[in-house]
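These notes concern the structure reproduced below.
The values are calculated or read from the model by the stated rules, or taken from the named source; none is laboratory data. Predicted model only: the values in this text are computed from it and were never measured. Positions of Cβ are generated from backbone atoms using ideal geometry, with glycine treated the same way; all protein chains shown enter the neighbour counts.
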Amino acid sequence: MKYNSKSRRMFLQGTGSTLAIPFLQSLLPRETWAQSVSPAKRFVGVMTSFDIGHISHFFPSLNKPTSQLSPSIAYHQPVQYSNLSSYLSSKPQLSRMIGPEFNPYVRSMNIFRGLDLGMASHRSTIGHNMSTHLGVLNGPANEASIYSDLPKILSMDQVLNNSLKFNPQKRPTYFWSYGGSGKALSYQMDSSGQIVPVGPSTKNVLTAYNSVFDNGAYPESGTTVPPHPRRDILTRVMDDYTRVKNGRQISSLDKIVLDNALDKISDLQRSLDSSIVRAGCFHKTFDKTTQPTSHYTDGRQTLKNFADLITATLMCDLSRTVLFSTETSSSSKYNMTTDGSGFHQGHSHNTYNVVNGKVNHEHMADTQAEFIRYFIAPLIQNLSAATDPTTGKSLLETMVVHYSTEHSMTHSFQSRPTMMFGNAGGAIKTGYYMDYLNYAGITDLKSTNDIASSHLYTGTFYNRLLVNYLQGLGLSPSDYENPTYNTPLSNLTDPNYGVHNLNLGTIGGFGHTSKTSFGAGDYKNFAKRFYGHYKHPLTLPPVNGT
Amino acid sequence: MKKLYFFLKRFRYWHLTTGVVVSLFVGQNCAPTHMSSTSSSSLASSQDTPAFLAAKTVLTAKCVSCHNPSGVAAFSSFDLTSAQSFVEKGLISPGKPDASKLIFRLKATWLASHDPAVQNMPSLGSISISEYNVLRNWVLSMTSGAGPYTCNQNDPIEKKLVATAPKLLSPLQYRNTLSDFLNAVMGSTSASTIYNKAMTGVVFPDVSIEEKYPRKENNLNAAHLKIFFNIADAAAKELVLNANYSTFVTNVINYDKGFCTMINIASLSTVCQTQFVRNLGFRLLRRPLREILADNETAALTQEFAVFALQTEAVSTITFRLLLSTHFLYLFENNETPLTDNPNILRLSSYAIASRLSYQFWNSTPDNALFAKAKAKDLYQEADFLDALDYVLQSPKAKSFIDEFTAGWLSLNRVPALVNSESAMQLPALNLRTARYDAALRSQMIQEIQEIVSYTWRNNGFVEDILTNNISFARNAELMKIYNVATPAPITVNSSNAVRLPATHAGILTRAGLLVEANGMQNPVHRAIRIIRDVACIVLPEAPADTIPEIPLTPGAIETMTMRKQFEHNTSTTTCFECHKTINPFGFALSNFNGLGYHQSQEPALTALGVPTGGQLTIDSRVSFDTTFGPAVRATDAIDYSLLLSKRTEYKNCFITNYTDYFLNRPANAAEGCRLNKAYLKLENRQPLGEVFRSLALDPEFRLRKLENN
């Protein structure tokens, strides 16, 4: 695999050079002035579709963290935590998967244990899909009956994208992936209210780059961009649509189509306004051409390229939300191992088999470690080195990078391996290993391994972390809550659902909790298993870790 | 060879669990059901059929103790001497198990839809899955003679029509439309240059691998719009460059000169400007522009000549606007004529019908000849419509819809992009030909299957032929190796020049594209699932997400077991077998084909480490479909199996279901049963495939549009 160190270095120097440029507000476009009142925040969601083999490979320790937030602070649930830095006193890196590249960033990150997914059915619940990662359990239209009691809702990236607080310029959300079509299992609501498969627009970094940067024509830092010559003509295009809309025999379905088109054209027109390219916007020099040629671990350079692309996209303020995933389809070459079997089916479902002298779960962990090392680490390094011109802080400090992955061979919904980077402009405290497991009754910590059937110790609801993000990124509950989402959990009085859930009234919160009926995952069992404060963000310590 | 050991060790799980993107099966919930609740019937109708005899056995054992003239259910006694008596008593609806009371009331507790409150028969005891299937199959085997779908011929047309949203051009349709437009106005050489420039860097968003028919996608999102914008911008710029401008404007005006008798390219007269706009608008919107006072499209566009000092900019802007307009990007059917007795139903104009036809069968805009027919005739009228329909279907461009349909129907997007080169691990021991799997071979595998359907259609073949055709379409040397044929297929195959495959291959199920596996190992379960899903349309419950229990198998035992034997072993637990007794036969019948599609009469014996022992194992491809199709339904090998399936009602129904889904860009609505019956009966009555393809277009519904109530 060819590594273009020069272009990468130039790219990073480019972003870093903004540190030396005096901040001149007058050079910023109008929209950026507005952001100086309410600094822009950004979100990057990263998901890998195969699991970690064994939880010991991801978490810094399987032992209970030493500190505790009291139940009164943590909504009835004691929460354990430790400074992440404390784990580095006895070992060189946080875990097998989280290598030494992250040691400089332990105060800018959190690792979460004990976050459990909701459940709906095999398709939407298993961990390898992006919509679950972002709060949605809806399934495919042809299985609508299975999901009939789940309201059609927007995933977190869609909520952010639609929010004028978070995304006032209505920048597009980009979704790219390493390998695969990625749509096989992930479902969201489209503009017409239908649940449709969602997935990355491309797995090709050059295609992604061309889409964002107009085939490389987008100017770099400091350049004045005139309005696109067709900008004003779009007004006449919209007039044409309006004339059709006002014409004869326009049905309500026609109107939906026309209104959606008008909305999109209007957004497009806004993006063609005159502007001055942001300080720190450099995108021309990094490598966009190297593509993976075979299986997953051959793609280190491609992963780094995507990390550079995401950084450039954010620095140029061409998007506020970027999603990135690995393959979710077992049939693609990118998810194949060297012996030709699908990674997930070939390894994840055979945790303890030995392949090429290595136990499968170790092989899986090491493959995940490759991804983290060659994608997450460069991304965090980039974002930490780049300066947000509106705040003078690092880009990382003003945003959230969220990472989670599938957990186990049985698609366990429990204790999804999750970590995050960035402070969302100070709104989210970092530096911790947070453990939300309910330790009551645990006698053998080592038994909380990767096998769901023996992993009986539950934690709290994963979507609460998404609430942390939504609030940290500037949204209010009214921007994302819908009390109907979790209606079945409201006003429970049956103690079988857990005394902590009694009389909760309107639940609210974000995202799906569970179908009303799905075996061990139905909402009653969820209510029993969790503390029911789904609307509350996870409790974190009040200050950053040391 | 070490890898093979791990393969063999691992495949017990992997082969059985690689169903994340396809259906897998929950043991205790395994009851095959059919894709459409009213979608099956059968060729057989005699009450003396094996299906009725088998049903009588179950009815006797489970029902008659109560349902007899002196039993507790004497009010509903069963007459086992006559299948017809069950029909007359309203207990069954021939061909429609899901509409049959007798089937509905069964205590099929394993069905997700089971309602214990009303589905409680037999009242004492239970009914097994196999008993349930026997009864169901019996009902399926009866035919009403009017097709299997619920249809009331007396329903008014309003009830039969489904209101739908305007259809956004699919990426394929968009590209074809732009290309055909440019060809029409610029000639092929310049058109190609302009098209390529406009399309530089354009990649439409990926479509889900689960979406069989990509053209169904109908969501205009920001990414699509940006692509359309960029293309419109680039094309509109290119067309007015010096090298192109004169040709462009002249050709557009010459299409119908109207009052523009003399074209002054440097400075178009007002009438020529107007004629340019009219003609260009006609080309791109596929209908004449409206010029009524309140809605004057021609005037709205022509004003650009007043806005811009440079005429080229005006021309470019008009082109740009039209390339982004509603009626270019969508099949948008308004301003049509309402039926006098129902204002919510529009009688489509000739132009709208021409567009429906061309986008349905060509995936592109009407050509000059079709436009001429639309202009000269009333395509709403039967004779004129048939003329236009025949013109469209006889055009070589109709290959587009056949290929797209076939690719979707048979999920050809799942033909693996990469096959492990060590897939040949079985081959050395057999001393077989080895093929190099690459993009060209993959493409040829897909194309071959498309050609089989296309050939059947063009040569007045029948739907059965798709499963039995033994003509080679292999032109790629690697594919020829797989089939062991020495002569490449002619460019245009006909019955006299066709190269025939060895007797071991016949029909699509025996073609490499439907046999190849990403890991190069034959996988009977994958094959079975594909056939069950795409060819028979039998829906089974979702698979368990959880661990498949391992069944110990000693290394020594592996050496004596064919792949089939190993799969039989690993699906033999009660939990697994509950479903796999249905699944496995659909794959085992193809045991003679290895993971690349080679036919092999014997399998090499391998050690647990994958080392050939030198021995050969006898392949058994005999299968029984007792649990799916009924007792005594058997096949001896792949050829026999293909022949069997080709005659099954399930296959014909599945074909109709898929074709309807593709044709309508949505699953058929319950109100459209009559349309489906018409198409289905063409298959039943052995009419050529082309008649089936024509059928849905021939319906009156094709020339009407129902508006959703505002």
Legend entry - Unmet requirement for A:Ser251, which otherwise passes all of (1) buried (at least 20 other Cβ atoms within 10 Å of the Cβ); (2) within 10 Å of chain B (Cβ to nearest Cβ); (3) touching a residue at least 24 places away in the same chain (Cβ under 8 Å): (3)
Legend entry - Checking A:Val237 against (1) crowded, with 18+ Cβ neighbours inside 10 Å; (2) more than 8 Å from chain B (Cβ to nearest Cβ), the condition it does not meet: (2)
Legend entry - Breaking point among (1) within 14 Å of chain A (Cβ to nearest Cβ); (2) in a helix (DSSP H, G or I); (3) at pLDDT below 80, for B:Lys197: (3)
Legend entry - Residue count, the range B:250-306 (criterion: touching a Gly at 6+ places or on another chain (Cβ under 9 Å), away from chain A (no Cβ under 14 Å) and of a type in the set (S, T, N, Q)): 4
Legend entry - Residue match in the range B:683-698 (condition: among the aliphatic types (A, V, I, L, M), out of contact with any His (no Cβ under 9 Å at 6 or more places or on another chain) and either part of a loop (DSSP other than H, G, I, E, B) or within 14 Å of chain A (Cβ to nearest Cβ) (or both)): no
Inset, instruction - Kindly indicate which of B:Ala232, B:Ala184, B:Ala163 is within 10 Å of chain A (Cβ to nearest Cβ), among the small types (Gly, Ala, Ser), in contact with a helix residue (DSSP H, G or I) (Cβ under 7 Å, 6 or more places away or on another chain) and surrounded by fewer than 19 Cβ atoms within 10 Å (Cβ to Cβ). - result: B:Ala163
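What tally of residues in the range B:656-682 results from selecting those that are in a loop (DSSP other than H, G, I, E, B), farther than 19 Å from B:Gly408 by Cα and under 16 Å from the mean Cα position of the chain (by Cα)?
Going residue by residue through the range B:656-682, those that are in a loop (DSSP other than H, G, I, E, B) are B:665-669.
Still in the list and also farther than 19 Å from B:Gly408 by Cα: B:669.
From what is left, the residues that are under 16 Å from the mean Cα position of the chain (by Cα) are none.
Count: 0.
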Inset, instruction - Please indicate, with yes or no, whether at least one residue in the range A:366-387 is in a loop (DSSP other than H, G, I, E, B) and of a type in the set (Ser, Thr, Tyr). - result: no
Inset, instruction - Tell me, please, whether a residue that is touching a Ser or Thr at 6+ places or on another chain (Cβ under 9 Å), part of a loop (DSSP other than H, G, I, E, B) and within 28 Å of B:Ala163 (Cα to Cα) can be found in the range A:197-219. - result: yes
Legend entry - For A:Arg243: the one exception among (1) within 8 Å of another protein chain (Cβ to nearest Cβ); (2) surrounded by fewer than 22 Cβ atoms within 10 Å (Cβ to Cβ); (3) part of a loop (DSSP other than H, G, I, E, B): (3)
Inset, instruction - Within the range B:285-306, work out how many residues are within 22 Å of B:Leu168 (Cβ to Cβ) and touching a residue at least 40 places away in the same chain (Cβ under 8 Å). - result: 4
Legend entry - Residue among B:Asn242, B:Asn176, B:Asn221, B:Asn251 that alone is surrounded by fewer than 19 Cβ atoms within 10 Å (Cβ to Cβ) and modelled with pLDDT of 95 or more: B:Asn251
Inset, instruction - Might you check whether a residue that is more than 24 Å from the chain's Cα centre (by Cα), closer than 23 Å to A:Gln93 by Cβ and modelled with pLDDT of 65 or more occurs anywhere in the range A:382-392? - result: no
Legend entry - The listed residue being surrounded by fewer than 21 Cβ atoms within 10 Å (Cβ to Cβ), within 23 Å of B:Ala314 (Cα to Cα) and either within 30 Å of the chain's Cα centre (by Cα) or among the acidic types (Asp, Glu) (or both), out of A:Gln269, A:Gln291: A:Gln269
Inset, instruction - Please specify each residue of the range B:174-189 satisfying the condition of being touching a strand residue (DSSP E or B) at 6+ places or on another chain (Cβ under 9 Å) and not aromatic (Phe, Trp, Tyr). - result: none
Inset, instruction - Quick one: A:Pro229 ticks every box in (1) in a loop (DSSP other than H, G, I, E, B); (2) modelled with pLDDT of 85 or more; (3) within 7 Å of chain B (Cβ to nearest Cβ) except a single one, so which number is it? - result: (3)
Inset, instruction - Would you please name the residue that is farthest from B:Lys706 (Cα to Cα), looking only at residues in the range B:337-365 that are among the aromatic types (Phe, Trp, Tyr) and out of contact with any Leu (no Cβ under 8 Å at 6 or more places or on another chain)? - result: B:Trp362
Inset, instruction - Of all residues in the range B:322-355, count the ones that are farther than 21 Å from B:Phe228 by Cα, surrounded by 22 or more Cβ atoms within 10 Å (Cβ to Cβ) and either away from every other protein chain (no Cβ under 12 Å) or without any contact (Cβ under 8 Å) to a residue 40 or more places away in the chain (or both). - result: 3
Inset, instruction - Considering only the range B:49-111, give the helices (runs of 4 or more DSSP H) lying wholly within it that have at least 2 residues that are polar (S, T, N, Q). - result: B:50-62, B:83-88
Legend entry - Pairs with Cβ under 6 Å, 6+ apart, first in the range B:246-265 and over 13 Å from B:Ala184 (Cβ atoms), second small (Gly, Ala, Ser): B:Ile265/B:Ser246
Legend entry - Selection within the range B:489-526 - closer than 17 Å to B:Asp465 by Cα and not in a loop (DSSP other than H, G, I, E, B): B:Val499, B:Arg500, B:Ile508, B:Leu509, B:Thr510, B:Leu514
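Those residues that are modelled with pLDDT under 80 and within 11 Å of chain A (Cβ to nearest Cβ), I need them from the range B:516-545; list them, please.
B:Ala518, B:Asn519, B:Gly520, B:Met521, B:Val539, B:Pro541, B:Glu542, B:Ala543, B:Pro544, B:Ala545
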Legend entry - Tally of residues being buried (at least 22 other Cβ atoms within 10 Å of the Cβ) and of a type in the set (A, V, I, L, M) across the range B:55-102: 4
